[in-house]
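Inspection log for the structure reproduced underneath, given as structure tokens.
Readers should treat all values here as calculations from the given coordinates under stated rules, not as data from a laboratory. Everything numeric here is computed off the predicted structure, so don't read it as measured data. FYI the Cβ positions are ideal-geometry reconstructions off the backbone, even for glycines, and counts take in every protein chain you see.
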Amino acid sequence: MRCTVLFSALALFVAACDVSLPTSQAPVEEPKWVQTPEEAARSFTEVVRAVEPVAERECRRRATVANCDFLIAVDPNPRAQPNAFQSVDVQGRPVLTFTASLIGSVHNADEMAFVMGHEAAHHIANHLARQRQSSADAAEVFGGLATLTGGGTSDVEKAKELGAVVGARAYAKEFELEADELGTIITWRAGYDPMVGALFFTRIPDPGDKFLGTHPPNKARMETVARTVRSLGG
Ligand SMILES: [Zn+2]
């Protein structure tokens, strides 16, 4: 079991999701730090130590993905917007990246743990591969529809592109809720309070229940967290 915090920007591959604050809400110049940088760094390190081993154990127990050795990376660019995302490096190792401004903008360790648990959950549930598959399948289906309706080559290509976008988004909200559920379990088992941690979302404007929107309404997310905590005996 290895627990690594790597303070460098990494070459990253496709990200499944992020928890970035929308541009209108996000600080444009200097990110607003709720804690001092020292407090935030100390708290982040403690959260990594507590959450990573739990995420790794949960990952191995579920055995949906081959590599469970999480690398926690910090993007040191102080101007990068508050953001956290999951990706996979060239060796297939799961990487959870946090910008310095996200680390500074969480209100407490429970929020940090919840964001980390949520991102780890995306990997454990194999969302990147499932999203790619859903995108590829829908591209084929849409391409087939264009052929049926007598479309030319360029129509078919356009239909495939549209299908790929629709396919990638079709499960986005479902994946977010799945990541919230498993993220709640990880947060809880790591010794943090997921109900407090999930309050992070209440500061992100509610995306509402948009058709093909990529994020579920905040109410649905909070309900998922509350239900999961009850199932854990909380
Ligand atoms: Zn997510």
Could you check the spin-label model distance between Ala220 and Thr45? Points 7 Å from the Cα along Cα→Cβ, value in nm.
4.0 nm
May I ask for the distance between the Cα centers of the range 39-82 and the range 143-205, given as a whole number of Å?
22 Å
Binned at 10 Å from zero, the C-alpha pair distances of the range 55-155 give percents of 14, 33, 24, 15, 12, 2
Simple SL model, points at 7 angstrom along Cα→Cβ for Val165 and His107; separation in nm is 3.6 nm
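Could you tell me the calculated FRET efficiency between Arg62 and Val196, based on Cβ-Cβ distance and R0 = 30 angstrom, to the nearest 0.05?
Numbers: r = 25 Å, r/R0 = 0.84.
Efficiency, rounded to the nearest 0.05: 0.75.
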Checking the cross-link filter: which aspartates and glutamates have an alpha carbon closer than 13 Å to that of Lys160, excluding same-chain neighbours under 8 positions apart?
Asp137, Glu140
Provide the descending list of Cα extents for the range 89-234 along its principal axes, expressed in whole angstroms.
58, 36, 30
Expressed in nm², what is the orientationally averaged projection area of the convex hull enclosing the Cα positions of the range 60-112?
4.6 nm²
Percent of C-alpha pairs per 5 Å bin, the range 166-234, short to long
3, 18, 28, 22, 15, 9, 4, 0
